[in-house]
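What follows is a set of notes on a single structure, which appears directly below.
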Amino acid sequence: MSAAAVTLRLGHLYPGEMNIYADRGNIAVLERRLAWRGLGLEVTGIGIGDPIVAGAHDLFYLGGGQDRDQAVVAEDLARTKAGALREAVAGGAAGLCVCGGFQLAGHGYTGTDGSRMPGVGILDLDTVAGPTRLIGNLVIEAELDGERRSVVGFENHAGRTRLGPGSRPLGRVVQGHGNNGEDGLEGGVTGRVIGTYLHGPLLPKNPWIADTLIGWALEHRTGAPVALAPLDDTMEEEAHAAAVARATRRRGR
Ligand code: GLN
């Protein structure tokens, strides 16, 4: 299949429960950037109890949620979706998992009340809630497909996430807390799955991440690497620069 006239198939996991960080903004960016290139995006919501049909999605999105929503979702993931999700990403489907979604993409999350929520295990990481929330603007130096760029957003999480050897970090913290406020790492990447605490939403001011995901998902769809037509990102780059400037401005000014 050539990339001309392709429609990417996005599985939006738990749009009703995991949606507190303008997650729809991320999906709108994917849709627009595909449309500007003459490509389509078909979004399917996958909710509580819905199965994941093998081979039906090129890209998955799992957004952020409060601990109580996360607990419901964790139970449903383990019961109805974890095996199929693992198979889908092992088959080359891409994924973006943000904040609470990032935590559930790992092995599990121990919440603020001490209860353990199982994760899917598509990223090699584990998360335990700490006594304080890690909140604020976050700037990282990220690396994807051998390319390094600055990525910016906002973080707000109690969870402290630690990576295992099967995931590499999305990037190194320049400003902010990142995965746990201690090791200077942010996010996790395995194969074509990206997990991150960055939201705000993430993709409007970091179009490079959007295009990386689109490229991976198109490769899953068409079976071959796809060169994406460049877009005029002047406005996106200005938004990125303004967010970085705000995040790195010295306190007290
Ligand atoms: N409930 C999780 C935490 O506080 C995830 C937060 C979120 O998605 N904001 O760590």
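The values are calculated or read from the model by the stated rules, or taken from the named source; none is laboratory data. Computed from a prediction, not measured in an experiment: that's the story for all the values here. Methodologically, a virtual Cβ is constructed for each residue, glycine included, from the backbone with ideal geometry; neighbour enumeration extends over all protein chains shown.
I'd like the residue in segment 44-63 that is in a loop (DSSP other than H, G, I, E, B) and of a type in the set (A, V, I, L, M) and, out of all such residues, is nearest to the ligand (Cβ to nearest atom).
Ile48
For segment 217-247, what are the residues that are of a type in the set (D, E, K, R) and not in a helix (DSSP H, G or I)?
Correct list: Asp232, Asp233.
Listed residues Glu143, Glu147; which is under 14 Å from Ile194 (Cβ atoms), loosely packed, with under 14 Cβ neighbours inside 10 Å and more than 16 Å from the ligand (Cβ to nearest atom)?
On the way: Glu143 fails: loosely packed, with under 14 Cβ neighbours inside 10 Å.
Within the list Glu143, Glu147, the selection yields Glu147.
When Leu30, Leu41 are checked against the criterion of being assigned to a helix (DSSP H, G or I) and either at pLDDT below 95 or crowded, with 16+ Cβ neighbours inside 10 Å (or both), a single residue qualifies: Leu30.
Kindly indicate whether Val29 is touching a residue at least 12 places away in the same chain (Cβ under 8 Å), away from the ligand (no atom under 15 Å from the Cβ) and in contact with a strand residue (DSSP E or B) (Cβ under 9 Å, 6 or more places away or on another chain).
no
If the condition is being modelled with pLDDT under 95 and within 10 Å of the ligand (Cβ to nearest atom), then segment 101-131 contributes Gly111, Thr112. Look at segment 103-114: where a residue is in contact (Cβ under 8 Å) with a residue 60 or more places away in the chain and hydrophobic (A, V, I, L, M, F, W, C) and a partner is surrounded by 16 or more Cβ atoms within 10 Å (Cβ to Cβ) and in a loop (DSSP other than H, G, I, E, B), sitting 6+ places away or on another chain with Cβ atoms under 9 Å, you get Ala105/Gly119; Ala105/Val120; Ala105/Gly121; Ala105/Ile122; Ala105/Leu123.
Quick check on segment 70-86. Is at least one of its residues part of a loop (DSSP other than H, G, I, E, B), over 16 Å from the mean Cα position of the chain (by Cα) and over 19 Å from Gly187 (Cα atoms)? Within segment 70-86, not a single residue is part of a loop (DSSP other than H, G, I, E, B), over 16 Å from the mean Cα position of the chain (by Cα) and over 19 Å from Gly187 (Cα atoms). Would you confirm whether any residue within segment 200-215 is in contact (Cβ under 8 Å) with a residue 40 or more places away in the chain, of a type outside the set (S, T, N, Q), in a strand (DSSP E or B) and buried (at least 21 other Cβ atoms within 10 Å of the Cβ)? No; the residues of segment 200-215 include none that is in contact (Cβ under 8 Å) with a residue 40 or more places away in the chain, of a type outside the set (S, T, N, Q), in a strand (DSSP E or B) and buried (at least 21 other Cβ atoms within 10 Å of the Cβ). Checking each residue in segment 89-98 for being touching a Leu at 6+ places or on another chain (Cβ under 8 Å) and either away from the ligand (no atom under 12 Å from the Cβ) or at pLDDT below 95 (or both) picks out Ala93, Ala94, Gly95, Leu96.
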